[in-house]
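See structure below.
The values are calculated or read from the model by the stated rules, or taken from the named source; none is laboratory data. Being a predicted model, the structure only gives us computed values, none of them experimental. With ideal geometry, Cβ positions are generated from the backbone for all residues, glycine too; neighbour counts draw on all protein chains shown. In case anyone asks, the SASA skips ligands and DNA or RNA and just uses the protein heavy atoms, side chains included. Shrake-Rupley method; radii C 1.70, N 1.55, O 1.52, S 1.80 Å.
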Amino acid sequence: MTWTNPLTLLRHGWTRHWNPDRPVRTVVSNLPFEDLKKREQPNRRYEGNAIRTNKYRLWSFIPMNLFEQFHRMANIYFVGLAILNFVPVVNAFQPEVALIPICIILALTAVKDGWEDFRRYQTDQQLNNTSCFIFSRKQMCFVERRWKDVRVGDFVRVLCNEIIPADILLLHTSDPNGVCHMETANLDGETSLKQRKVVPGFSSLGEPFQPQTFDSTVVCENPNNNLNLFKGYVERPDKRRTGFGIDSLLLRGCMVRNTDDAAGIVVYAGHETKSMLNNSGPRYKRSKIERKMNTDVLFCVVLLFFMCLIGALGHAIWLETFSSMPSYIVPDSNVIFPGLSLQVMIPVSLYVSIELVKMGQIFFITQDVELYDEELDRRVQCRALNITEDLGQIQYVFSDKTGTLTENKMVFRRCSIMGTEYCHEENVVVPDRKLMLEVDRQMASIQTGPYLDFFLALAICNTVLVSSVTAQRQRVRVNVADLAGAERVGDVLRALTHSTKTRGGETLADPFSIDEDESDGFHSSDVSDAAGQKVISSERKVKSGLSGSEEVCYEAHSPDEAALIHAAKAYGFTMMERTPHYVTVKLPDEALLKFEVLDILTFDSTRRRMSIIVRHPHTKEIIMYTKGADSAIMERLGNVFSDLNVSAKQTAVKTQRDLDMYARNGLRTLCFAKKVISEQEFRAWSAVRQEALSAIEEKEERLMETANFIESSFTLLGATGIEDRLQESVPETIQALRRAGMQVWVLTGDKPETAINIAYSCKLLEHEDLVFTFISVILQSLCKMRLEDTLGELRRSMLSPGADHQFRGYSSAFTGPLMEPSIGLVIDGPTLSMAMSDELVEQFVELCKHCRAVLCCRVTPLQKSAVVKLIRQKLRVMTLAVGDGANDVNMIQAADVGIGVSGQEGMQAVMASDFAITRFKHLQRLLLVHGHWCYSRLANMVIYFFYKNVAYVNLLFWYQFFCGFSATAMIDYWLMIFFNLFFTSAPPIMFGIMEKEVSDSTLLSLPELYKRGQHSEGYRRSTFWIAILDAFYQSLVCFFIPYWTYNGSDIGIFAFGTPMNTVSLFTIILHLAIEIKSWTAVHWVIMIGSVLVYFIVTLAYSAICISCNPPSDPYWIMHKQMADPMFYLVCILTTVVALLPRQLYN
């Protein structure tokens, strides 16, 4: 047997998946090689379908977990001290006693980590052992196997309502049109159906699927995490190639709907599937307070070092005072570090207490009824457990517009057809009488015309899917237990997929075309009925003339399309059926037009338009209907501005005027156009298009070229204006955030006119503001000049005597110097790219510092995240990003705190966020109330923890001056340990969870109070050192008053230490009582309970500890002290003197 170097095996394992020499993946059928061993099969180098998301093995759990826990430096410190206690010459406690606290902390954390990992292991096993159907050549049929048995190259069959086990290239479906509906709720939270189609040429109507006859080779791209992009081709033995795209790929974790069965070949399995590559696991962020706390821990270590150094020097000096070694000194006891007994200065329980406090804070946030959405039956979600206090320190808020500030419930308001404008005021489309008459006239006379073409474009130039009500989410007859199992698997997949990183885009995509390269997944959306109530657009029902009285359902993937198709329906143009090859429309006269679909050019953010090419059933003309942004359509009109076509020019001018009016009114605008293509031109273009579809290299560029070539010389039909109304209380929320000292930015992909109008409506900008506009700046040099001029004007204005008149400043106890809150900035995407270049970025950031509001229009998802990162890093401020769509994921993950709005655009933003809300208005209470509370609670609790430990450990330090710095303790070791773990642990945790220094009504009425967190006033370096000085003072009082009282008496060492221990407890507990601003019954129970626990435990310990620490034992000492009136006098007097400065300071 040949021995192989392990490094060679490791290198082979790495390169088999990421070999740069193989830019594509080649997959062949496994059936001819079914009898061969695995190492002889052609697809052996690809990943298997079994997954493993747990990180521990049984043998590696302890070392790996300890290694991870020791990334926290405090744990290394505690373990180091515990180890030193095993060195006889420096130990301060019994070694076993010193190990107990850190062992408890490490064990609890390990148990928590182990339990979470075991749950992940159970989830993995449940998924891996889920049943599926794999084709077997031996049995010549699909046989039941488990998910973990699936391999790349296998043929898998999936039934209706079953979850797809791997990424499968669709080759067969029971649907006569060769389509399969897929629900991606387990993957991205979207409930709308996505339509997939069979690779052309691999499915014959009525014939069963025969995998054994498949002799082609599948060539596709290497695994990646882009859910919206997939490209490749199938190469037949005769070298003919058929291209395919994302619309032919069934994704692992999704569920087949409305299709009896679907089958195909596995191209990605296991960890190489797109769903698993998007499973980035839970996100971890460190809060600002935690970062500061690490520095303060370091200060405490330095302070402890100097105290120990003093103890060591003092002990050496003390020994020098003896001419000979005293008999009570242990021989050869070279005491180098007698101050080790002071080790409890660093609070070992602090980190555990912080975790408990944050869990309590999250509980109260999620239980707040003011943040509950009764309409959606949803509470606020806290997905990040370790940054609750950051909600109280936000300085910059970055918000999306559509669906975040607005409702994303689109209402068809206006349209302009051939230069004539028509208005619709109702919440549902009530046909305009003049427009209806014009439609009827053209229907009655010529059966064609621009008005009919306009509504036909509304009806078919979209991605809306049609299904009957009876087929909607149809379920086949399955065993109830099997169905429950499928739902459990769905829950498992939802738990696995923590965040989805997709490339967001505009909300126009198509489920049919195989060049779906940039489109974002769309979602079931809402439209409003006449009563203002929400109606799910995917369930809007229209009467179908195809099947008598059977109703149909629309699966509208975006609210815009829902509004447009219902507008077309209101005027009698009802889409009745859509297949990959045909689309049927019912006309106002009940006639049916069945268009043959020749090609679909999907929307992308570069072209900003989509087109559908159809053959007219009557005229047999090839017609392309196109919709898109006004600039994307107007610039491609044919001969509009020539003198020969005056009417077309007038139509374009009037339509542009109407578009400008729509934008000023805050409406979302779209242009519609058509083009008649000759047969010869289409054939030539289609050949080039097919070559581009079959390409692997530069596929997107070639597809873009073909689309741009055919999308030209348009005939303008008209334009639409759709209203996206503001959410409730958005202006009030933005004003409150501004009063709280936050700078609000809005980042949107909308055109500037629409965005500016919304900005004024939501009070982001006001008419008195001085607004600088950077729109359509072509050259970087011009952008630089504009920035320099604007900054110069700002500097002159602020230095001029009349600056106060131009810039309306305000000052308060929280803001300090005069601010200039009346400056706004509007900038579009191309100009923003230039402003963020290395040459201009510093000037751009300086300009932004002076702006109270910034509006970025026409920006891409990547630009959104880039802006957030730029401001966070350059200005070193706490940022928050809020959005509701997949195109906001990058921005949400780039901010210090990410807020997802569970609205109309799916759940991808929520899944990537730290907190999830249902309405933008909830941001006001979440930040101003809970953010303020969480920050102040945690900041005060951490400061209190440092104070408490320093105050207590200094009692031991002062005693060293009277015992020759011998590290002797006058308090029993066990009572010292119990002091931190039990006697004084509950009150600060309660304080961190329930303290309300200001009521919620006051915080909402005075948003300026929020600035305390922005300026870190609750946890400053000065606050920390004041608490440390106070701890030194209180420890001096708690030591020397009992010392002077018992000086000269014959009491024992533990009898001397017991009053100090008791006084220290009273002082520390009452110190917290002074800090508490709002008392409840829970406060009283915990505070009094802590004192009672101290006395009960101490009395019991003194009664049973007969020979715990010979020769000095605490036996019956507490009982004798409590029988002495002097004990009570010392406790009262010392506590009053110790707390008097703190009370006066507050």
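Matching residues to (1) open to solvent by 10 Å² or more (accessible area, probe 1.4 Å); (2) outside any helix (DSSP H, G or I); (3) of a type in the set (D, E, K, R); (4) touching a Pro at 6+ places or on another chain (Cβ under 8 Å):
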site	(1), (2), (3), (4)
L391	no, no, no, no
V397	no, yes, no, no
K401	no, yes, yes, no
K409	yes, yes, yes, yes
A457	no, no, no, no
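Taking first residues from the stretch 432-457 that are farther than 19 Å from V676 by Cα and partners that are part of a helix (DSSP H, G or I), the Cβ contacts under 8 Å between residues at least 6 apart in sequence or on separate chains come to L435/Y451; E438/Y451; V439/Y451; V439/L452; V439/F455; Q442/Y451; Q442/L452; M443/L452. One residue stands out among those in the stretch 722-745 that are at pLDDT below 90 and assigned to a strand (DSSP E or B): the one that is surrounded by the most Cβ atoms within 10 Å (Cβ to Cβ), which is D724. A74 passes every criterion in (1) open to solvent by 70 Å² or more (accessible area, probe 1.4 Å); (2) within 34 Å of the chain's Cα centre (by Cα); (3) modelled with pLDDT under 75 apart from (1). Residues in the stretch 411-424 that are assigned to a strand (DSSP E or B) and crowded, with 20+ Cβ neighbours inside 10 Å: V411, F412, R413, R414, C415, S416, I417. Answer yes if at least one residue in the stretch 164-183 is modelled with pLDDT under 80 and within 24 Å of K148 (Cβ to Cβ), and no otherwise. Taking every residue of the stretch 164-183 in turn, none turns out to be modelled with pLDDT under 80 and within 24 Å of K148 (Cβ to Cβ).
Between G1052, G964, G1018, G1048, the distinction of being within 38 Å of the chain's Cα centre (by Cα) and either of a type outside the set (S, T, N, Q) or at pLDDT below 85 (or both) belongs to G1018 only. Annotation: F1040 fulfils all but one of (1) closer than 18 Å to E290 by Cβ; (2) out of contact with any Phe, Trp or Tyr (no Cβ under 6 Å at 6 or more places or on another chain); the unmet one is (1). You will find that of G992, G1018, the residue that is open to solvent by less than 10 Å² (accessible area, probe 1.4 Å) and either part of a helix (DSSP H, G or I) or without any contact (Cβ under 8 Å) to a residue 24 or more places away in the chain (or both) is G992 and no other.
Of the helices (runs of 4 or more DSSP H) lying entirely inside the stretch 818-928, those carrying at least 3 residues that are at negative phi and open to solvent by less than 10 Å² (accessible area, probe 1.4 Å) are 829-835, 841-850, 861-875, 889-894, 908-911. Is there a residue in the stretch 192-214 that is at pLDDT below 85 and in contact with a helix residue (DSSP H, G or I) (Cβ under 7 Å, 6 or more places away or on another chain)? Yes.
Is it the case that some residue within the stretch 961-981 is buried (at least 22 other Cβ atoms within 10 Å of the Cβ) and among the hydroxyl-bearing types (S, T, Y)? No, the conditions are met nowhere in the stretch 961-981. Please verify whether the stretch 1029-1041 includes one or more residues that are surrounded by 18 or more Cβ atoms within 10 Å (Cβ to Cβ) and either touching a Gly at 6+ places or on another chain (Cβ under 7 Å) or among the charged types (D, E, K, R) (or both). The answer is yes, given that some residue of the stretch 1029-1041 is surrounded by 18 or more Cβ atoms within 10 Å (Cβ to Cβ) and either touching a Gly at 6+ places or on another chain (Cβ under 7 Å) or among the charged types (D, E, K, R) (or both). Filtered by the rule that a residue be within 14 Å of N49 (Cβ to Cβ) and acidic (D, E), the stretch 235-270 gives no residues.
Each row is one residue, and each column tells you yes or no for (1) assigned to a loop (DSSP other than H, G, I, E, B); (2) loosely packed, with under 15 Cβ neighbours inside 10 Å; (3) modelled with pLDDT under 85.
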position	(1), (2), (3)
L716	no, no, no
T720	no, no, no
D750	yes, no, yes
E753	no, no, yes
T773	no, no, no
C783	no, no, no
L787	no, no, no
S797	no, no, yes
P801	yes, yes, yes
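Is the stretch 163-171 home to any residue that is farther than 20 Å from Y46 by Cα and of a type outside the set (A, V, I, L, M, F, W, C)? Looking for residues that are farther than 20 Å from Y46 by Cα and of a type outside the set (A, V, I, L, M, F, W, C), one finds none in the stretch 163-171, hence no. The single condition among (1) over 35 Å from the mean Cα position of the chain (by Cα); (2) exposed (fewer than 15 other Cβ atoms within 10 Å of the Cβ) that R664 does not satisfy is (1).
Condition check ((1) assigned to a helix (DSSP H, G or I); (2) open to solvent by 60 Å² or more (accessible area, probe 1.4 Å)) across all residues:
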position	(1), (2)
D1050	no, yes
M1060	yes, no
S1064	yes, no
S1078	no, no
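Candidates are the residues of the stretch 672-696 that are touching a residue at least 60 places away in the same chain (Cβ under 8 Å) and not aliphatic (A, V, I, L, M); the one that is surrounded by the most Cβ atoms within 10 Å (Cβ to Cβ) is F672. For the criterion of being crowded, with 24+ Cβ neighbours inside 10 Å and of a type in the set (A, V, I, L, M), M941 passes. Applying the condition of being open to solvent by 70 Å² or more (accessible area, probe 1.4 Å) and hydrophobic (A, V, I, L, M, F, W, C) to the stretch 6-51 and asking which residue is modelled with the highest pLDDT yields L36.
The set of residues from the stretch 1094-1146 being of a type in the set (V, I, T), modelled with pLDDT of 90 or more and surrounded by 15 or more Cβ atoms within 10 Å (Cβ to Cβ) comprises V1097, T1098, V1130, T1134, T1135, V1137.
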